[in-house]
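Here the structure is laid out as structure tokens; the discussion comes afterwards.
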Amino acid sequence: VKEHGKGHYTFFDQAMGSRIDHHLNMETGLRRALEQHEFRVAYQPQVDVVSGRVTGMEALIRWQHPETGEVSPREFIPVAEQTGLILPIGEWLLRSACEELLRWPDGNEGLRLAVNLSPLQVHQRDFVDRVRAICDETGFPLRRLDLEITENLLMRDVESVVEKLRTLSRLGVTITIDDFGTGYSSLGYLQRLPIHALKIDQSFVHAIRENEEKGTLVETIIAMAHGLGLNVVAEGVETKRQLDYLRRLQCGRMQGFYFSYPLSGHEAVDLLEGWARE
Ligand code: C2E
Ligand code: CA
Ligand code: CA
Ligand code: CA
């Protein structure tokens, strides 16, 4: 930098320096968080609006930082992905959620567990074996597992990804495309992949409130999913109006603050018991 002349890159260096600092602090923090057990799992119910039952729970990671309090996954997951720490973090989450669900009271054996996967996890050579091992070791049935992947996963090694998902699918695992409609936008893969459901991104669901016109995007996605024989899950449902609109379009499964915020394990059990009594 020096040879480019005095002071030329000072501003750039400072801005970049502080970004690197932030990144390094975050990386150190994440390593410590794993060792010191600062992560928790939150569960958000998925509701079948036809039967009115909770059919699954999405596991969402939470980080309680000892100094700064809760850090959003939107902030730390990208750093975890860039540093590869998402691999041990992702395994921790899957294992913890499997163990926890098995401890929930009788009557919840049909409840499915949805887990978010980063592309890096799926691209691991032994990804399938790792998932199987965790289910074997915890005793969590593979057929209760729903893996949420994003369209970005398909940006490389598609053949090997398809093969891995097929293997898992044969073992009873279901695959859902998360944030559908926001990513890599070739629809060609939809027929090649062993997917079971599309999860409509919340931005489309929220658009229902702001502008009934834009809601037609939701309509198109649902019609397409049904045409392909896929289930549809709507996420980010916050209002009765969104619920009614989605119900009219035959969207069967929903998730969002209208039904429940993400909950601690204890709260989730309470909700399930209250829900069952109704
Ligand atoms: P996502 O997978 O799309 O998860 C949905 C996010 O929307 C969650 O945010 C959830 O709390 C929030 N949400 C749920 N219902 C509503 C609603 O009605 N309205 C609004 N406005 N928001 C709602 P969260 O927990 O902060 O997670 C953010 C993102 O971080 C997730 O988006 C996911 O991409 C990532 N993430 C979270 N946990 C994990 C994990 O264990 N592994 C990986 N790889 N990523 C994770
Ligand atoms: Ca998700
Ligand atoms: Ca999502
Ligand atoms: Ca999202």
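The values are calculated or read from the model by the stated rules, or taken from the named source; none is laboratory data. Here the structure is a predicted model, which means the values were calculated and not measured. Counting neighbours? That spans all protein chains shown, and the Cβs are built from the backbone with ideal geometry, glycine included.
Going by what's in this entry, would THR138 be described as within 16 Å of ligand 4 (Cβ to nearest atom), on the phi < 0 side of the Ramachandran plot, of a type in the set (Val, Ile, Thr) and surrounded by 15 or more Cβ atoms within 10 Å (Cβ to Cβ)? So that I can check it myself, show each step before the final result.
Working: within 16 Å of ligand 4 (Cβ to nearest atom): no; on the phi < 0 side of the Ramachandran plot: yes; of a type in the set (Val, Ile, Thr): yes; surrounded by 15 or more Cβ atoms within 10 Å (Cβ to Cβ): yes.
No; evaluated as a whole, the condition is false for this residue.
Is it fair to say GLU238 is within 16 Å of ligand 4 (Cβ to nearest atom), farther than 25 Å from CYS98 by Cβ, buried (at least 16 other Cβ atoms within 10 Å of the Cβ) and not hydroxyl-bearing (Ser, Thr, Tyr)?
In short, yes.
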The residue from VAL71, VAL115, VAL161, VAL79 that alone is surrounded by 13 or more Cβ atoms within 10 Å (Cβ to Cβ), more than 16 Å from ligand 2 (Cβ to nearest atom) and under 28 Å from LEU230 (Cα atoms) is VAL161
Looking at ILE89, ILE61, which one is in contact with a helix residue (DSSP H, G or I) (Cβ under 7 Å, 6 or more places away or on another chain) and assigned to a strand (DSSP E or B)? ILE61
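Looking at region 33-56 only, could you name the residues that are surrounded by 13 or more Cβ atoms within 10 Å (Cβ to Cβ) and under 17 Å from TRP92 (Cα atoms)?
We begin by selecting, within region 33-56, every residue surrounded by 13 or more Cβ atoms within 10 Å (Cβ to Cβ); these are 33-34, 38-49, 53-56.
Result: ALA33, LEU34, GLU38, PHE39, ARG40, VAL41, ALA42, TYR43.
Scan region 133-145 and give yes if some residue there is over 23 Å from LEU30 (Cα atoms), of a type in the set (Ser, Thr, Tyr) and modelled with pLDDT of 95 or more, otherwise no.
Quick first cut of region 133-145, residues over 23 Å from LEU30 (Cα atoms) only: 133, 135-145.
Narrowing further to those that are of a type in the set (Ser, Thr, Tyr): 138.
Add one more test, that the residue is modelled with pLDDT of 95 or more, and what stays is 138.
There is at least one residue in region 133-145 that is over 23 Å from LEU30 (Cα atoms), of a type in the set (Ser, Thr, Tyr) and modelled with pLDDT of 95 or more.
Could you please let me know if VAL232 is under 18 Å from the mean Cα position of the chain (by Cα) and either away from ligand 1 (no atom under 13 Å from the Cβ) or modelled with pLDDT of 90 or more (or both)?
Details: under 18 Å from the mean Cα position of the chain (by Cα): yes; either away from ligand 1 (no atom under 13 Å from the Cβ) or modelled with pLDDT of 90 or more (or both): yes.
Spelling it out, VAL232 is indeed under 18 Å from the mean Cα position of the chain (by Cα) and either away from ligand 1 (no atom under 13 Å from the Cβ) or modelled with pLDDT of 90 or more (or both).
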Is it the case, given these coordinates, that VAL1 is in contact with a Phe, Trp or Tyr (Cβ under 9 Å, 6 or more places away or on another chain) and modelled with pLDDT of 95 or more? no
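Residues checked against (1) closer than 23 Å to VAL158 by Cβ; (2) surrounded by 21 or more Cβ atoms within 10 Å (Cβ to Cβ); (3) within 16 Å of ligand 3 (Cβ to nearest atom); (4) at pLDDT below 95:
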site	(1), (2), (3), (4)
SER186	yes, no, no, yes
TYR189	yes, no, no, yes
LYS199	yes, yes, yes, no
HIS206	no, no, yes, yes
GLU210	no, no, no, yes
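Using the structure shown, decide if GLU99 is in contact with a strand residue (DSSP E or B) (Cβ under 6 Å, 6 or more places away or on another chain), surrounded by 14 or more Cβ atoms within 10 Å (Cβ to Cβ) and more than 20 Å from ASP178 (Cβ to Cβ). Talk me through it step by step, then tell me what you get.
Values: in contact with a strand residue (DSSP E or B) (Cβ under 6 Å, 6 or more places away or on another chain): no; surrounded by 14 or more Cβ atoms within 10 Å (Cβ to Cβ): yes; more than 20 Å from ASP178 (Cβ to Cβ): yes.
In short, no.
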Among (1) within 16 Å of ligand 2 (Cβ to nearest atom); (2) over 25 Å from GLN191 (Cβ atoms); (3) touching a helix residue (DSSP H, G or I) at 6+ places or on another chain (Cβ under 7 Å), where does ARG241 come up short? (1)
